[in-house]
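One structure below.
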Number of protein chains: 2
Amino acid sequence: MESTTNTGIISFFGAEQGPWKIASMQTLIGAPLPEANCLNIQQSAITPDQNSDAKWILRGFISNLRYTHRSEKTMLDAHSKPLGRAAYHAAALIPIQKSKECWNLAQDERRRIFEEDSKHIQQSAEYLQYISRQLHHSRDLGEAFDFLTWFEFAPEHTEKFDALCAILRKTEEWQYVTREIDIRLLK
Amino acid sequence: MESTTNTGIISFFGAEQGPWKIASMQTLIGAPLPEANCLNIQQSAITPDQNSDAKWILRGFISNLRYTHRSEKTMLDAHSKPLGRAAYHAAALIPIQKSKECWNLAQDERRRIFEEDSKHIQQSAEYLQYISRQLHHSRDLGEAFDFLTWFEFAPEHTEKFDALCAILRKTEEWQYVTREIDIRLLK
């Protein structure tokens, strides 16, 4: 029988126990998530009935680049650092939802907002030396959030990460954000 | 508990019984799928253990447009016809896989191949009056195929559909196709 068994879906869930201690959960836009002590990450699409301990479950998958041009990809590939670095004990999970208006735009309109107007890649570039990150897509799965971005960094670079967040939150792109929660974690 | 229950995933599966009779399965590139009599479509992510009757299961989801520019979207929105038209008794499911090389390209490079080089949208436009279609994305789910495109048309327009397929299969874009099966169906 031809069928795959692994869906490529990753689940992030808040619970009493888990490898990442939740230091804070700050709701910036829209409805909050229930409080939780710890964050768990599982390489499968878990469901509430499988995890009665979970306070919330957020699911997403890693995809190909959807807005990045060749010159930007070459720069990102040269400067990005992989996740899991020994000194990077601090992390952040930032679930974001964007407006329906944004999703009804054409590809070239979304690209213009993302980079030509907001300079998302250009302004983030200098932070790649301090911060590792991985974007997960959720909207295609019918999830409440559209993106789950996972960041790792050394605790002493928390101010750098805060500065990056502040820059992005002032952009044209963020005018389309309808829900955002900033979850900070320590290992 | 905050969690969604519907994943937005649609399953196409071949079996002995089902609403769509499989008229032919033509493997154009790469490995074939096992023969099946009928096609079923289910609005959930079914697994082999849930469907012992299934010969194969292909899963995908509907997403936002990833390559279409504003002028093209305006044209498509004006001319596209919805699925499920009474006279459209014929259908085709065409699962396609593209090369790793293709997926490692940047967004602007993939767009150039898709439209500037291959004129995928421009050359398909005149067929919108005869053929309804819906693209499903599979690659992000770790599936064997990257795309499952579903087409519906009146049986008397089968030659129009064949002509459209012939045009697309001659494009630069199709140089990156590593597996393709053309499944024709009748209701």
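Read-outs: derived from the displayed coordinates by stated rules, not from any lab. Note that this is a predicted model, so its numbers are computed, not measured. Positions of Cβ are generated from backbone atoms using ideal geometry, with glycine treated the same way; all protein chains shown enter the neighbour counts.
Consider a paramagnetic label point 7 Å from the Cα of residue B:42 along Cα→Cβ; state which residues of the range A:7-34 have an amide N under 19 Å from it.
A:7-9
Give me the distance in nm between label points sitting 7 Å out from Cα along the Cα-to-Cβ direction at residue A:187 and residue A:81, one decimal.
1.2 nm
Explain nothing, just the number: dipole magnitude of the protein assembly as shown about its Cα centre with +1 on each Lys and Arg Cβ and -1 on each Asp and Glu Cβ, in debye rounded to the nearest 20.
The dipole of the protein assembly as shown has a size of about 140 debye.
Under a GNM of chain B (C-alpha, springs under 10 Å), which listed residue has the highest mean-square fluctuation: B:55, B:170, B:21?
With Cα springs under 10 Å in chain B, the top fluctuation among B:55, B:170, B:21 is at B:170.
Expressed as a whole number of Å, what is the distance separating the alpha-carbon centroids of the range A:135-187 and the range A:19-51?
14 Å
Pairs of alpha-carbon atoms within less than 8 angstrom and 6+ residues apart define the contacts here; what relative contact order does chain A have, in percent?
RCO, chain A: 33 percent.
Normalised by the empirical 2.2 N^0.38 Å for globular proteins, what value does the Cα Rg of the protein assembly as shown take?
Against the empirical 2.2 N^0.38 Å value, I get 1.06 for the protein assembly as shown.
Report the full-extension gain for the segment residue A:53 to residue A:70: residue separation times 0.36 nm, less the Cα-Cα distance, to one decimal in nm.
Here the answer is 1.7 nm.
Which of the lysines could a cross-linker span from residue A:100 if the Cα-Cα distance has to be under 24 Å and same-chain partners fewer than 8 positions apart are dropped?
Here the lysines satisfying the reach criterion relative to residue A:100 are A:119, A:170, B:73, B:81.
Nearest 20 debye, what's the magnitude of the dipole of chain A about its Cα centre given +1 on Lys and Arg Cβ and -1 on Asp and Glu Cβ?
Taking the Cα centre of chain A as origin, the dipole is about 220 debye.
In what order do B:12, B:61 fall by count of nearby beta-carbon atoms within 10 Å, going from fewest to most?
Arranged by neighbour count, lowest to highest, B:12, B:61 become B:61, B:12.
With the calculation restricted to Cα positions, what are the radius of gyration and Dmax of the range A:1-136 in angstrom?
Taking only Cα atoms of the range A:1-136, I get Rg and Dmax of 17.4, 49 Å.
Give the lysines reachable from residue A:55 as a straight Cα distance under 22 Å; neighbours fewer than 8 places away on the same chain don't count.
Of all the lysines, those that pass the test against residue A:55 - Cα under 22 Å, at least 8 places apart if same chain - are A:21, A:187.
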